[in-house]
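Take a look at the structure set out below.
The values are calculated or read from the model by the stated rules, or taken from the named source; none is laboratory data. This is a predicted model, so every value here is computed, not measured. Cβ placement follows ideal geometry from the backbone for every residue including glycine, while neighbour counts extend to all protein chains displayed. Areas reflect the complete protein model, heavy atoms only, side chains present, ligands, DNA and RNA absent. Shrake-Rupley method; radii C 1.70, N 1.55, O 1.52, S 1.80 Å.
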Amino acid sequence: MQKYYDINRKTLSQITRLCCLFVFFSILALVVKPSPYRRLLFLPVLAVSLRLLSLSTGNPTFDYCIGAAYFPYFFAASDYILLTDVQRELRLVQPPQRADELPENAPLSRRIAWATALLSSQRGLGWAHVPRHALPPRPPASTSRGAFVRAQLARAAAAALLFEAANLYTSARIPALYAGGPRLAAQGWAARCLAVWAWVVPVAALSEFGHALNAALSVAAGAATPSDWPPIQGSPALAWSVRNFWGRVWHQGMRRSVSAHGRFVAHRMLRLARGSAASAYMQLYAAFFVSGVAHYLPEYMALRHWGGGALRFFVLQAVAITLEDGVQAASRRLGMAASWKWKAVGYFWVWSWFAFCLPIWQDPLLHAGVFEEVRYSAIKWLLKRRQQV
């Protein structure tokens, strides 16, 4: 298997230029004043994205990581350029923006700063459209910078240790998570349930590590306040339903873009009544479809074929939530929905659901060894080096 350093440098240089072009055209589309022709600026964004999709560095892990980092921003650009009149509809609240200070009336330099802030804030922090009930609680306003930085560094260290411990365990006990091992779908139920934890914990720990480190550096440099950095993940205690898992526990980095596309399909394409059940479920399915495509495209970059399972996996999440809503509605009529026993059943249901459907998404990637380098154990490497010395 190729390592991270075994990549096509010429292709990597092309990818870097394409990413710079994407940022340029995206910012340009947000900076120009409102016009019916502004949507035409999505064409170069689309062209850049299609070109990026056709490139390969020769390293599946690297290609997947590039796609996974890029395509959420592509769908954000689709929202901001095609679906939303951003300068008139989206408003900064930190710092406060007066009604007479709309970006369309601001000088170019301020519009560029405004557009950069919008494109870089995937969770909507500091904006009126922030999903207040979906994000974890912010640190108290009384939190000092020093205390916050120390706490975030401690969180980053704990996440790194958890990541390392999970990798040590999976490398020894769960061969299905590595190339050449048996497929997850072929494992017994107990092994698949264990694999869910073995997959979720390192991914969450890696996400927590990066978020905590960025938060510490940002606040230490004075570029942000502690309240600008709520945790990246919600409390696992809320994961007693699939809806809660995706809507309140997992990171909300794509929430704005997938929701905007869902609203567009439900309200502007199909003209469904706002607030109706039909509208709500059409938005749900459209949002998970967009999320599925955003994960399916990185799969293609890594596998170089369309046999990945991300699209099926994410659409199935909407199916699970639909079934879950029906069961919960029946439980409320029986007065069971608020009981701890019902939530205990919910935890088991969520765990079992992912044991069932996670192999659909992960097996093609795991079989190709896409995540193997990410799961490399630093402790095992150090021990091996010591033995060689």
Next item on the list: Under 6 Å between Cβ atoms, at least 6 apart or on separate chains: pull out the pairs that start in region 143-162 with a residue that is modelled with pLDDT of 95 or more and assigned to a helix (DSSP H, G or I) and end on any residue that is among the acidic types (Asp, Glu) and open to solvent by 40 Å² or more (accessible area, probe 1.4 Å).
Entry: none
Checklist line | Residues being assigned to a loop (DSSP other than H, G, I, E, B) and open to solvent by less than 30 Å² (accessible area, probe 1.4 Å) - total across region 123-139 | finding: 9
Next item on the list: Quickly run through region 39-63 and pick out the residues that are assigned to a helix (DSSP H, G or I) and in contact with a Phe, Trp or Tyr (Cβ under 8 Å, 6 or more places away or on another chain).
Entry: 41, 44, 45, 48, 49, 52, 53, 61, 62
Item checked: Residue under evaluation residue 29, criteria (1) touching a residue at least 60 places away in the same chain (Cβ under 8 Å); (2) surrounded by 21 or more Cβ atoms within 10 Å (Cβ to Cβ), criterion not met -> (1)
Next item on the list: Would you confirm whether any residue within region 108-116 is open to solvent by 30 Å² or more (accessible area, probe 1.4 Å), among the polar types (S, T, N, Q) and either at pLDDT below 90 or in a loop (DSSP other than H, G, I, E, B) (or both)?
Entry: no
Check: Looking at this structure, is residue 323 open to solvent by 40 Å² or more (accessible area, probe 1.4 Å) and out of contact with any His (no Cβ under 8 Å at 6 or more places or on another chain)?
Finding: yes
Notebook entry, point to check: When the residues of region 278-298 are filtered to those that are open to solvent by less than 50 Å² (accessible area, probe 1.4 Å) and of a type in the set (A, V, I, L, M, F, W, C), which remaining residue is farthest from residue 56 (Cα to Cα)?
Noted result: 284
Margin query: Among the residues in region 299-318, are any without any contact (Cβ under 8 Å) to a residue 12 or more places away in the chain, open to solvent by 80 Å² or more (accessible area, probe 1.4 Å) and under 25 Å from residue 238 (Cα atoms)?
Written below: no
Item checked: Pair list, Cβ < 7 Å and 6+ apart or interchain, from region 51-68 residues that are at positive phi to residues that are of a type in the set (Asp, Glu) and not in a helix (DSSP H, G or I) -> 58/6
Margin query: Would you confirm whether or not region 255-272 contains a residue that is touching a Phe, Trp or Tyr at 6+ places or on another chain (Cβ under 8 Å) and either part of a loop (DSSP other than H, G, I, E, B) or surrounded by fewer than 18 Cβ atoms within 10 Å (Cβ to Cβ) (or both)?
Written below: no
